[in-house]
Amino acid sequence: MLGRLQTGGRRAIGLRSALGTVGGFLLVILVTYLGLLAVTFFIGRVMPIDPVLAIVGDRAPEHVIARVREELGLNKPVYEQFAIYLRKVLQGDFGTSVLTSNPVMQDIRRTFPATIELATLGIVIGAGLGVPLGVWAAVRRGGLVDQMVRVMALIGYSVPIFWLGLMGLLLFYARLDWVAGPGRIDASYEYTVTTVTGFLLIDAARSGEWEAFGNVLSHLVLPASLLGYFSLAYISRMTRSFMLHELGQEYIVAARAKGLSETRIIWRHALRNAMVPLVTVVALSYAGLLEGSVLTETVFAWPGLGLYITNSLQNADMNAVLGGTIVVGSVFIGLNLLSDLLYRLLDPRTRSR
């Protein structure tokens with residue numbers, strides 16, 4: 001009987017601990033998201049752009065301006081405006097775009113898949129090459145490979161990505177004709193692909209339009225490679241740092257003393273432990289590509305969310321700018337929290353914290 005009571009007590013304590021962890025996690029999400037909404041709201045209010053004039057024009061009569069201001073609720077106190085803004089955002093209502101006359105959420109659904117497609121291929125390239133290069137540089141510390149990786153990472157940090165994009169277009173598109181030019185797909189293929197998911201590679205493959213698939217891939221490969229190189233510079237440097245830390249640990253010395261092969265020590269032991277913080281690095285790099293591909297999309301005329309936000313900002317379309325900012329910020333928060341969860345799953349030491 002006593003044993004059952006002790007077992008039941010341990011289970012109750014474990015359940016309370018799990019519920020406390022989940023509750024704390026949900027509280028972090030709520031506070032972070034409220035902070036994001038508050039920041040975007042007040043940025044929209046301090047911007048030197050009047051949303052009413054953006055809608056009706058600066059030559060509209062005063063009574064029209066006053067009526068539209070009242071309809072938008074801009075004549076109310078700031079705290080009431082924030083409450084209205086919060087309620088609409090939680091309902092998925094970001095207002096109507098002045099530039100396209102469509103609901104902002106509809107425009108985001110149309111443009112965001114292009115950004116996800118571009119950033120996903122970019123992070124695949126960046127992580128797929130950055131991790132092995134970082135491991136190799138750490139193993140060959142101070143050697144030629146290490147120096148080459150460090151120089152490559154330095155260039156990736158230093159050279160503006162829009163300049164790399166222009167030079168890439170000039171060389172690989174204009175001169176060598178190896179890839180397609182700006183845009184996402186040629187006009188001759190645009191209406192041959194039935195859009196279902198919004199991801200043109202997937203939609204072209206589902207439709208069996210392999211010529212269109214090749215055309216989309218030809219447009220995608222250059223901007224994705226540039227974003228991949230940008231993330232590779234960061235991922236390779238961080239991988240090198242994590243691996244150097246792990247290779248200096250005592251368990252590596254013990255593994256070598258046991259006679260384990262160097263390949264097994266590096267890839268099965270050191271890299272396995274280095275992957276715990278590296279997951280966070282890759283996740284945040286992916287989030288950075290999703291929110292930071294504005295210049296790349298502008299240079300390559302890529303019809304993604306970054307180009308949509310840029311065009312909206314140039315046309316004083318604050319509903320679209322704030323809606324896009326909230327979506328990108330939400331994705332960044334989600335990936336950050338996902339990386340934290342993966343960190344806890346991969347490292348048992350953090351579960352009790």
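Between helix 305-314 and the chain there is an angle of about 40 degrees, using the helix long axis and the longest principal axis of the Cα atoms. Residues Ile252, Ile161, Ile84, Ile108 in ascending order of nearby Cβ atoms (within 10 Å, fewest first): Ile84, Ile252, Ile161, Ile108. So if R0 is 30 Å, what FRET efficiency would Arg109 and Leu154 give, r being the distance between their Cβ atoms, rounded to the nearest 0.05? Rounded to the nearest 0.05, the efficiency is 0.15. The distance between label points at Arg206 and Ala254 comes to 5.2 nm (points 7 Å beyond Cα on the Cα→Cβ vector). Taking packing as the residue-averaged number of other Cβ atoms within 10 angstrom, the listed peptides 263-271, 323-331, 115-123, 66-74 run from highest to lowest as 115-123, 323-331, 263-271, 66-74.
Under the combined filter of DSSP loop state and at most 10 neighbouring Cβ atoms within 10 Å, region 100-194 retains these chymotrypsin sites (Phe, Trp or Tyr not before Pro): Tyr191. Under a crude label model (7 Å from the Cα following the beta-carbon direction), how far is Tyr343 from Ala38 in nanometres? In this crude spin-label approximation the distance works out to 2.3 nm. Between 0 and 90 degrees, rounded to the nearest ten: what's the tilt of helix 318-346 against the longest Cα principal axis of the chain? Here the helix axis deviates by roughly 10 degrees.
Think of it as helices only: each DSSP H run of n ≥ 4 in the chain is worth -39500 (n - 2.57), and spread over all residues that comes to -24500 deg cm²/dmol at 222 nm. Rounded if a/c is under 1.5, else prolate if a/b is larger than b/c, else oblate: which is the chain, with a ≥ b ≥ c the root eigenvalues of its Cα gyration tensor? Here the chain falls in the oblate category. The C-alpha atoms of the chain define a longest principal axis, and helix 144-158 lies at about 20 degrees to it. Normalising the average separation of contacting C-alpha pairs (under 8 angstrom, six or more residues apart) by the number of residues puts the relative contact order of the chain at 25 percent.
Values in this text are rule-based calculations from the coordinates and carry no lab data. Small disclaimer: the values here were computed from a predicted structure and weren't measured. Don't worry about glycine lacking a Cβ; one is built from the backbone with ideal geometry, like all the others, and counts go over all protein chains shown.
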